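Read-outs: derived from the displayed coordinates by stated rules, not from any lab. All values reported here derive from a predicted model rather than from experimental measurement. Here Cβ is always computed from backbone atoms with ideal geometry, including for glycine, and neighbour counts include all displayed protein chains.
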Amino acid sequence: MTKMQARVGVDIGGTFTDVALECASGLSTCKVLTNYRQPEQAILEGIIKVVRQAGLRPGDITQVIHGTTLVTNALIERRGAKLAFITTEGFRDVVEMRSENRFEQYDLNLKLPTPLVARQDRYTLKERIAADGSILLPLDLEEVKELAARIVERGYEAVAVGLMHAYANGEHEREIERVLKAAAPDLSVSLSSVVSPQMREFERFNTVIANAYVRPQVASYLNRLVQRLRDAEIPAQVFMMHSGGGLISVETAAAQPVRLLESGPAGGAIFAAQYANTHSIEKVLSFDMGGTTAKICLIEDGAPKTANSFEVARTYRFKKGSGMPVSTPVVEMVEIGAGGGSIATVDAMGRIQVGPRSAASEPGPACYQRGGEEPTVTDANLILGRLDPDNFAGGDFLLSVSMAERAVDERLTHVAGVARSDAAFGITEIVDENMANAARAHTIENGRDVEAFTMVAFGGGAPLHACRQCEKLGIGSLLIPPGAGVGSAIGFLRAPFSYEATRGFFQRLSNFNIDEVNAVIEDLDREARSFVSAAAGDAIVTTKLVAFMRYSGQGWEIPVTLPHRTFTLSDTDMVKGAFDDAYRRLFGRTIDGLAIEVANWSLTVATTLKPIAKVTRLAGARKAPVSKTRHFFDAALRRTVEAAEVQRSDMLPGTRAIGPAIIVEDETSTIVTDAFEAIGQQDGSILLVRKDRANAQLRH
């Protein structure tokens, strides 16, 4: 990469849009407030700002890599296209009946989430395909044409098509699409056999419905973004971060926008994984806290934990089962409504509650002086001395302490009958406990001990809260990478071009059809390579084959990694052994006497990345220079402490800041509580270790 060539990563969050520019001379970053009405405007403002910082011209940018919460927000807020759903006769209500699982067993007034498509907008056709792909009842084209005419007449903007067993044979879905396009060429049509060709109709139907629901909106947004970049004389190629932790072309993203769910947080997981590898840390708890939400992800052996499905728009206190299941490759994480903009209220019992509602960027926290009147986590941190009102976001935003105090007084202090400082402490302590509980639950669900992990904290809010999180979780060491305040945007620049192709193809291991399995794998390989080559050309790639397997009679599968090659009959023992090993790692045992089955297959093709240079952990040999003295409230000590303020640029390798301290930089501040000390590392990271465990942690 030459000085006159640059790549830009852009992450649009609920409060800030983060921008990171990388060129031969280094990294330039900034934050700008997210523009909800025109998200692309904030992108342009941020790009122009970092281009000036780097001393470049807009035309020097060769790539723009973008992650967005647009899809997630559209699903949560129900802002999508006027949508029709077409399915097999008798299965109209699958998306409303859901599964038999009650996500809150003892709630007698339990309300299930409302489907994206109302019943009157769900249509059926007389057709049927068997589980093996054979046609039991042919499609009546005249019936399809009549339905197409009704859909055009009623003014639908998009159509989702999900037929029974279409994962095994998509012929009927493709025929329906041809008829619809003949009747309305501009109609947006999504097929389940393309978007999510996997077993389980509830999840598959929801996935294609979600895709169709947001597709017109996402396509319009991406077209506007590309055009605005061209108008600004930025000729860069635009790529999108997908939820599985890789990059895809803007054309693929427009056709399958459901793959953009959680694309921003996926970049954060890539960012944390890079530093886990750099520092040779085997077990990492990634903690990403922004203005609206906090995300927690497990990273083991240098890679984020992934899954082939997840839930979006949970409606019941973020409880599993209360949202919309979507079958698409995703970095597995837990997300809660706990960010700098999370709003604090007093409930009917006089208790302070925080989130999930957020002030976001419009109007923002009260201290932003943009019209916000409700107290937020940012207001509380300002009152407690953890933020500098004159140097927030590099001095671009002047914060008002009096406005923060007014919001806390009017909405909390006078209502709950507590002192202002106690109310502010209550806000931060509740949000910290909520995040710590989420981290505990996530690690326990995965059979892990959270105290064995090292935390990697990033995002504008995480370094403010990370030490307190470690105190609550019993974690002894914490890493704050360089550029932590815009970590997800930097993560986009570290991600490979990748695509995961999936296919539902049921096989029992005792009757393994090698020829058919090889044919499916060849199709997956061809599909994945075509998408990657469209974005990355003839770049060198790697592949990963995963079979989702189970014992006969079980309801769910586990992922089993297999070698990607042409299988022979002798490989059935190898496949069984791989399943036994994976099952034993998860559950500590295998089950004798039960048949083994494969339900779904996935194959990922990804471009190779440059090797990561390792660093050696340093001890603090000399004290970092102190720029001034400040005071902040230390939650563990329950009192205000005097703290040294240290510039992040002064935390050179081997320098040491003993808590209490505040390490400041443009995009965030790191609170070093009394229990910790901070040490500058060779790669610009800051390692925080508990004082009572410092020697052991530094030997790690």
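Points to keep in mind about this one:
- Taking T72, T62 and counting other C-beta atoms within 10 Å, the order from fewest to most: T62, T72
- ³J(HN,Hα) computed for each position of the range 542-550 - Karplus, 6.51 cos²θ - 1.76 cosθ + 1.60, integer Hz, glycine/proline x: 10, 10, 9, 9, 10, 10, 9, 10, 7
- Cα lying deepest toward the dipole's positive end in the range 473-528, options N513, A484, A495, charges on Cβ: A484
- Whether the range 80-214 is rounded, prolate or oblate, judged on the alpha carbon gyration tensor where a/c under 1.5 counts as rounded: oblate
- Expressed to the nearest 5 percent, the antiparallel share of DSSP beta bridges inside the range 591-683 is 70 percent.
- Cut-off under 5 Å, modelled amide H: who pairs with H564 long-range: L545
- In the range 491-601 the Cα-Cα distances spread across 10 Å bins starting at 0 as 13, 42, 29, 14, 2 percent of all pairs.
- Other-chain or far-sequence residues with amide H under 5 Å of G461's (modelled H): M289, G290
- Cα lying deepest toward the dipole's positive end in the range 112-178, options I176, Q120, H165, charges on Cβ: Q120
- For chymotrypsin sites (Phe, Trp or Tyr not before Pro), no site in the range 608-700 is both called loop by DSSP and has at most 12 other Cβ atoms within 10 Å.
- Of interest is the spacing of the C-alpha centroids, which for the range 98-172 and the range 491-541 amounts to 27 Å.
- Translational D in µm²/s for the range 1-140 (Stokes-Einstein at 10 °C, 1.306 mPa s, Kirkwood Rh from C-alpha pairs): 81 µm²/s
- Potential lengthening of the chain between L569 and R357 amounts to 70.7 nm, from the contour at 0.36 nm per residue minus the alpha-carbon distance.
- Ranked by how many other Cβ atoms sit within 10 Å of their own Cβ, fewest first, the residues S530, S669 fall in the order S530, S669.
- Checking every one of the GluC sites (Glu not before Pro) in the range 191-267 against DSSP loop status and a limit of 11 other Cβ atoms within 10 Å picks out E233.
- Working note: Karplus 6.51/-1.76/1.60 with θ = phi - 60° gives the range 371-381 the couplings x, x, 10, 9, x, 10, 4, 4, 4, 5, 5 Hz, where Gly and Pro are set to x.
- Diffusion constant of the range 145-201 at 4 °C, which comes from Stokes-Einstein with the Kirkwood Cα-pair radius and 1.567 mPa s, µm²/s: 111 µm²/s
- Length gained when the stretch A613-E142 is fully extended (0.36 nm per residue, less Cα-Cα span): 163.2 nm
- 3J(HN,Hα) along the range 420-432: 4, 5, 5, 5, 5, 4, x, 4, 5, 5, 5, 5, 5 Hz, from the Karplus curve 6.51 cos²θ - 1.76 cosθ + 1.60 with θ = phi - 60°, whole Hz, x for Gly and Pro.
- Rounded D (µm²/s) - the range 325-431, Kirkwood Rh over Cα pairs, Stokes-Einstein at 10 °C, 1.306 mPa s: 111 µm²/s
- Relative contact order [Cα under 8 Å, 6+ residues apart], the chain, whole percent: 12 percent
- Difference of contour (0.36 nm per residue) and Cα-Cα distance, A118 to I135: 3.2 nm
- Take the Cα of K82, go 7 Å toward its beta carbon, and the backbone nitrogen atoms of the range 106-147 under 17 Å from that spot belong to 117-123.
- Paramagnetic reach from E96 in the range 120-164 [backbone N under 12 Å; point 7 Å along Cα→Cβ]: 120-123
- In the range 431-546, the convex hull through the Cα atoms has an average projected area of 11.1 nm², a quarter of its surface area.
- Dividing the helix sum by the residues of the chain, where each DSSP H run of 4 or more adds -39500 (n - 2.57), gives a mean residue ellipticity at 222 nm of -10000 deg cm²/dmol.
- Cα gyration tensor category, rounded, prolate or oblate, for the range 622-680 with a/c compared to 1.5: prolate
- Kirkwood hydrodynamic radius of the chain, Cα pairs, Å: 26.6 Å
- In this label model, A182 and Y36 are separated by 4.5 nm, measuring between points 7 Å along each Cα→Cβ vector.
- Considering only P365, V346, A393, and ranking their Cα positions along the charge dipole of the range 342-429 that arises from unit charges at the beta-carbon of Lys, Arg, Asp and Glu, the one farthest toward the positive end is V346.
- Our summary gives the range 622-680 a relative contact order of 30 percent, counting only alpha carbon pairs under 8 angstrom and 6 or more residues apart.
- Dipole in debye (nearest 20) - the chain, about Cα centre, beta carbon charges: Lys, Arg +1; Asp, Glu -1: 1080 debye
- Cα shape, the range 229-278, gyration tensor, a/c 1.5 rule: oblate
- Qualifying GluC sites (Glu not before Pro) for the range 27-89 [loop in DSSP, other Cβ within 10 Å: at most 16]: E89
- Sequence-distant residues sharing a close amide H with Y123 (under 5 Å, placed H): F85, I86, T87
- Distance between the 7 Å Cα→Cβ label points at V626 and L398: 2.9 nm.
- Put simply, when 386-398, 500-512 are sorted by average Cβ atoms within 10 angstrom per residue, most first, you get 500-512, 386-398.
- Size descriptor, Kirkwood hydrodynamic radius, that averages inverse alpha-carbon separations across the range 287-362, Å: 14.0 Å
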